[in-house]
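To start, the structure under review is shown below, and the notes come after it.
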Amino acid sequence: MIIYGKAFIDGGILEAYITIEDGVITRISKTLDHGEKVDHDYMRCGHLILPGFIDIHTHMRDFEESYKEDFSTGTMAAAAGGVTVIFDMPNTRPRNNTLAALEWRDDVANSKAYVDYGIIYGVPRDLDNLFGYEERAVAMKVYPDDFVENSLDHMSDVLIYNYAKGVPTIYHAEEPRGYREGRDDLSLEVEWTRYVAEYTSQIGVQSHITHVTCCSVVDEVRELNPGATIDVTPHHIMLSREDLPPPYGNVRPPLRSRECVDCLLRDLVYGRVDMVATDHAPHTWEEKMEGANGFPGLETAFPILSTLRYKGFISVSDIVRLYSYRPAERFGLIDRYGAIREGRYGSLVVVDLNREYRIDPSKFFSKARHSPFKDMEVRGAVVATFVRGEPVYLEGEIVGGKGYGENVRRLL
Ligand code: DOR
Ligand code: ZN
């Protein structure tokens, strides 16, 4: 299979023929050999081939909440968003924090996914459900409630195990007791970020703090734990609580003030943020109207980032770094993902940087056909998505196979 076009390779944009065999890029060349022919030609104005996006924070739901989303619709949404690897969060029903649930989750994902997936495991209640989880999971997620429901001794046993196994731990940082009481002010996030950053730097474990909402939180992490990494969501860098009031605007951590939104975007522009992740959190419209927290995000992340590029905030190279390279590097996938290079998987996204349109959630593949970005004018669209050399999304259509997606833990 040969894909031809302008591609983001080694930090620059080159015209290249990309040959993919058995899912892996085997050759990147300026010319074709005699008799070779191109399967997909993207040498069109404004079209660019980038390494496939990697979204380390999504909720595929499924299990008892498949009415909200399942691995099939969730990974179709990913494919339409140019995302070739999603990480699935463990706040499922039942929770994904026992080895039995993890095995079940992997089986369900394996039979339904259109793109590759990593499973994030929840904090188990006992050590019997800890040992060996890393064979199927890429990371562990720690929620505020985990610090209420478990002793500190148990939490440090778990974190030290992760450290020994080299598995990154991802934190939702809001102070647990305040969180339980329903408070949502910025001080909860600042306080708990400070605690997590200090605590994990003392015991030496790798930590990643997800959906950071304000530059003051970025400052805490950078000062207290320079080794920690952070991500931001498209909604927290674009929308203030005034832009999107409750109930639709409900999300945890919440949308903040316009000052926070602007300074968080500034931190992204200045390279103080490691990556972007959507926190794709699908709910039905009725649930949203009753106050459910979170939004679908997989099908709007690239258009939002591309629009920021058009407006001069970030570059194509930033988009690749934030939504492909750094996630791959941080979560142990860099040997196979995160760059267009010989020996890496042919997991690619083709984008049109110039296409202008309005966000229309009625066209989403996600079961959640609503969006905080509804009707926003954007510039930039996903044209095609390839996972290990196979087209899964082409010009508005899902063309991949259900169950083609693999657990990245097994692929690596
Ligand atoms: O807004 C949110 N939605 N924040 C969370 O922490 C959970 C998520 C969900 O699962 O819906
Ligand atoms: Zn989440």
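Assorted remarks:
- Size descriptors for region 174-248: radius of gyration and Dmax over Cα atoms are 13.2, 40 Å.
- Each of G118, F295, L348 was scored by the projection of its Cα onto the charge dipole of the chain, and the greatest displacement toward the positive side belongs to L348; charges sit on the C-beta of Lys, Arg, Asp and Glu.
- Straight-line reach from K30: taking Cα to Cα under 25 Å and skipping same-chain neighbours fewer than 8 places apart, the lysines in range are K6.
- The alpha-carbon of K402 sits under 21 angstrom from the alpha-carbons of these lysines, leaving out residues fewer than 8 places away in its chain: K68, K112, K363, K367.
- Interatomic Cα distance distribution for the chain, bins of 20 angstrom, percent: 29, 60, 11, 0
- For region 257-392, the Kirkwood hydrodynamic radius comes to 16.4 Å, computed from all pairs of different C-alpha atoms.
- Based on the Stokes-Einstein relation at 4 °C and a viscosity of 1.567 mPa s, and on the Kirkwood radius from alpha carbon pairs, region 83-131 is assigned a translational diffusion coefficient of 115 µm²/s.
- Amide H contacts of R379 (H built 1.01 Å from N, in plane; Pro and chain starts excluded): T307 sit under 5 Å, all sequence-distant by 5 or more or on other chains.
- In the context of the full set of protein chains, the chain has a per residue accessible area of 38 Å² (1.4 Å probe).
- Residue-averaged [θ]222 nm for the chain, counting only DSSP H segments that reach four residues, each worth -39500 (n - 2.57): -8000 deg cm²/dmol
- 26 Å Cα-Cα reach of K165 towards lysines, excluding residues that sit fewer than 8 places from it in its own chain: K141
- The alpha carbon centroids of region 156-199 and region 351-393 are separated by 33 Å.
- For the chain, the longest site-free run once GluC sites (Glu not before Pro) in DSSP loop states with at most 16 other Cβ atoms within 10 Å are removed: 65-180
- The portion of the accessible surface of region 116-224 made up by carbon and sulfur, rounded to a whole percent, is 44 (1.4 Å probe; DNA, RNA and ligands excluded).
- Inverse mean reciprocal Cα-Cα distance (Kirkwood Rh) of region 1-67, Å: 14.2 Å
- Among the chymotrypsin sites (Phe, Trp or Tyr not before Pro) found in region 78-161, those both in a DSSP coil and sparsely packed, with 15 or fewer other Cβ atoms within 10 Å of their Cβ, are F131.
- For the chain, Cys with no neighbouring Cys Cβ under 4.7 Å: C45
- Here the Debye sum runs over all C-alpha atoms of region 8-124 as equal scatterers in vacuum, and log10 of I(q)/I(0) at q = 0.11, 0.22 Å⁻¹ comes out as -0.51, -1.17.
The values are calculated or read from the model by the stated rules, or taken from the named source; none is laboratory data. Just so it is clear, the structure is predicted and the values come from calculations on it, not from any experiment. For neighbour counting, all protein chains shown are included, and Cβ atoms are generated from backbone atoms with ideal geometry for every residue, glycine included. Keep in mind that these areas ignore ligands, DNA and RNA; they rest on the heavy atoms of the full protein, side chains included. Shrake-Rupley method; radii C 1.70, N 1.55, O 1.52, S 1.80 Å.
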